[in-house]
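Student: Once you've had a glance at the structure underneath, I'll fire off some questions.
Only the coordinates and a few stated rules stand behind these numbers; no lab work does. All of these numbers come straight from a predicted model, not from anything done at the bench. Neighbour counts are summed over all protein chains in view; Cβ atoms, including those assigned to glycine, are modelled from backbone coordinates with ideal geometry.
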């Protein structure tokens, strides 16, 4: 069990989860373009086991999302198709609003990995917007573990930042958190 310094919450890796240290990230260079182009053209190839998955927790407001990403081998990929299931339902069916659908698949689109990973998410708490942003946060954390270059791109897009804004609690002697009683002259 590892304890994170920032969140101070316990996280564990189960037997079917691959840790980021288990991955081999290889750089493949194309030989047919000459020596000058070889340094420019590099492709990241992940050596992952399709039966295992990566897992991360994403949070937003009162929502929590447990996100799992499964690697899809090249022979089983369908070009451009995004496979995301939220609470055992396709994400396009779960999130009816287009803006929320784009928020969920934004990390995959940003890195052009739409057909490389199959994603499963279990969400609880809050509303649809909070759940969508919690899934985006969890999925970004998974992708950031795999490659330092992806981490930089996701960080620049602010997908890795946990948004701390939440509803302020109600205080006694007031109607809401800050709204006071109406003043009476007499």
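Student: How do the peptides 90-99, 54-63 rank, highest first, by the average count of neighbouring beta carbon atoms within 10 Å per residue? Can you show the working numbers first?
Tutor: Details: 90-99: 13.7, 54-63: 20.4.
Put in order of decreasing packing, that is 54-63, 90-99.
Student: Among 142-150, 126-134, 158-166, what's the highest-first ranking by average C-beta atoms within 10 angstrom per residue? Kindly include the intermediate steps, with their values, before the conclusion.
Tutor: On the way: 142-150: 17.9, 126-134: 21.3, 158-166: 12.4.
Taking the mean over residues of other Cβ atoms within 10 Å, the ranking is 126-134, 142-150, 158-166.
Student: Another question, then. Between residue 155 and residue 176, what length in nm is gained on full extension when 0.36 nm per residue of separation is reduced by their alpha carbon distance?
Tutor: 4.0 nm
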